[in-house]
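Structure first, then comments.
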Amino acid sequence: MINILPSTQEHLPHPDQVQSLVSFLEHEPHPMIVLDPDYNILAANTAYLRQFGSADKSFIGHKCYRISHHYDVPCDQAGEHCPMKKAKEMRGPDRVLHIHHTPRGPEHVDVELRPILDEHGDITAYVERLTLVRSASARPSNEGLVGHSPAFNQALSELQRVAPSMLPVLLLGESGTGKELFARAVHETSERASGPFVVVDCSGLTETLFESELFGHEKGAFTGATTRKPGLVETAQGGTLFLDEIGDVPLTMQVKLLRLIESGTYRRVGSVETLHANFRLVAATHKPLEKMVETGEFRQDLYYRISVFPIHLPPLRNRVEDISLLVHSFLQRAGRGKRRLTIDSAALKQLQQFSWPGNIRELRNVLERASLFADDGVIHSVQLPQATAVSSPLATPVLDSRTLAQVLATFKGTRSELAEHLGVSERTLYRRLKEQGLS
């Protein structure tokens with residue numbers, strides 16, 4: 001039975017209209033809700049009740065931002081992108097990736113909101129469709145992508161946009177930022193998720209070895225080729241081919257790689273038979289490909305082919321809010337089947353204040369080393385490398401109530417300007433203000 005908020009105000013849709021709309025939405029597999037222009041939840045379909053409803057907590061008649069975010073104000077006033085505000089301005093649909101509070105805890109949700117217009121063209125209600133993002137976790141997780149910072153969410157949002165298509169994806173970012181995990185997430189979010197995910201490590205391969213690995217070879221094609229060997233392109237049939245560190249591909253091989261992408265055909269080394277490829281391309285590099293094109297180190301035509309949809313993966317120093325989440329995820333993974341590992345607050349603070357030139361890979365390595373010295377099951381500052389004791393000017397400051405109160409008493413700018421002044425996102429600032437009763 002669907003609960004519907006009674007509507008008596010003139011600018012709200014009649015309950016019968018809401019009921020008709022919900023009856024239509026019942027056929028939708030995605031969770032969907034109906035909102036009035038004042039952010040109140042009027043109704044929800046069964047899919048929403050199943051995924052986001054709670055038996056001991058009513059949501060009908062409550063503000064969407066209170067239910068989804070536990071905010072006291074609309075999302076745009078809390079440092080978030082508000083799809084209702086944007087849809088009202090555009091008088092059309094808007095889509096955004098948010099982190100919602102759910103019965104299971106915080107989760108990434110892809111939100112699409114559409115306005116409902118009356119015969120006069122006025123907006124009387126909104127329909128919101130919510131899709132859980134299963135390729136990443138906003139809580140400590142045993143596997144996959146983990147994060148909830150604005151920089152991470154931006155990259156994840158772009159991933160959600162491109163994954164269902166067949167467009168080539170180019171992942172850009174410093175070494176250690178998790179490019180292979182993002183590539184795998186593209187694959188698992190696509191229609192090819194049931195097919196193979198094949199990784200080609202382009203770094204360190206000679207021209208001959210690269211061609212043989214990628215395209216395969218016939219028996220007798222060269223010394224040591226005692227049998228026919230299928231290449232990784234053939235192995236990736238029906239799935240995704242991930243070319244990691246594509247900036248290291250030799251120039252002579254870039255021509256053959258371009259031909260493969262353009263024509264969808266290739267030949268094994270030592271063969272005259274033309275074979276047809278069927279894969280989705282994802283490439284990654286930490287190198288500045290545009291500059292390499294200018295210097296002639298990378299083919300311009302190949303660059304344009306692989307960079308149809310570039311995604312910039314943020315360095316860890318721009319994801320300070322994620323460090324605690326990543327730390328607890330790594331410790332959770334390290335403790336599977338073994339003793340449980342934790343970290344004390346001083347050590348965690350030390351990790352949050354380090355700049356991490358090696359990014360997530362370096363953080364993981366530091367924790368793995370420290371865990372060997374944690375005899376009591378707790379990682380302390382003394383067990384961390386001395387280098388991590390050096391604070392970074394980019395690190396998030398400690399926003400305790402006294403510090404915030406002092407800053408608020410003297411700062412004359414807007415909240416977004418205050419967030420920039422403190423070196424945190426506006427959402428993080430709003431959350432800290434609310435937690436400390438200073439909002």
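The values are calculated or read from the model by the stated rules, or taken from the named source; none is laboratory data. All values reported here derive from a predicted model rather than from experimental measurement. So basically every Cβ, Gly included, is an ideal-geometry build from the backbone, and we count neighbours across all protein chains shown. These area figures cover heavy atoms from the full protein model, side chains too; ligands, DNA and RNA do not enter into them. Shrake-Rupley method; radii C 1.70, N 1.55, O 1.52, S 1.80 Å.
Say we look at region 165-193 and pick out the residues that are among the polar types (S, T, N, Q) and over 15 Å from the mean Cα position of the chain (by Cα); which of these is farthest from VAL320 (Cα to Cα)? Filtering first and then ranking leaves SER165.
Taking residues in region 278-294 that are among the hydroxyl-bearing types (Ser, Thr, Tyr), and partners anywhere that are assigned to a strand (DSSP E or B), the pairs with Cβ atoms closer than 7 Å and at least 6 places apart or on different chains are THR285/LEU172. Between THR414, THR410, the distinction of being modelled with pLDDT under 75, out of contact with any Phe, Trp or Tyr (no Cβ under 7 Å at 6 or more places or on another chain) and either of a type outside the set (A, V, I, L, M) or open to solvent by less than 50 Å² (accessible area, probe 1.4 Å) (or both) belongs to THR410 only. Of the residues contained in region 188-200, one or more are found to be open to solvent by less than 20 Å² (accessible area, probe 1.4 Å) and under 16 Å from ASP110 (Cβ atoms). Scan region 339-389 for residues that are over 26 Å from the mean Cα position of the chain (by Cα), open to solvent by 90 Å² or more (accessible area, probe 1.4 Å) and more than 20 Å from THR177 (Cα to Cα) and the total you get is 9. Residues in region 201-223 that are at negative phi and either open to solvent by 50 Å² or more (accessible area, probe 1.4 Å) or basic (Lys, Arg) (or both): ASP201, THR206, GLU207, THR208, LEU209, GLU213, LYS219, PHE222, THR223. The residue of region 134-145 that is most open to solvent (accessible area, probe 1.4 Å), among those that are more than 22 Å from ALA78 (Cα to Cα) and of a type outside the set (Gly, Ala, Ser), is ARG134. Applying the condition of being at pLDDT 75 or above, part of a loop (DSSP other than H, G, I, E, B) and farther than 23 Å from GLY121 by Cβ to region 1-36 and asking which residue is least open to solvent (accessible area, probe 1.4 Å) yields PRO31.
Within region 224-259, which residues are aliphatic (A, V, I, L, M), in contact (Cβ under 8 Å) with a residue 40 or more places away in the chain and either assigned to a strand (DSSP E or B) or within 25 Å of LEU181 (Cβ to Cβ) (or both)? Answer for region 224-259, where residues must be aliphatic (A, V, I, L, M), in contact (Cβ under 8 Å) with a residue 40 or more places away in the chain and either assigned to a strand (DSSP E or B) or within 25 Å of LEU181 (Cβ to Cβ) (or both): VAL233, ALA236, LEU241, LEU243, ILE246, VAL249, LEU257.
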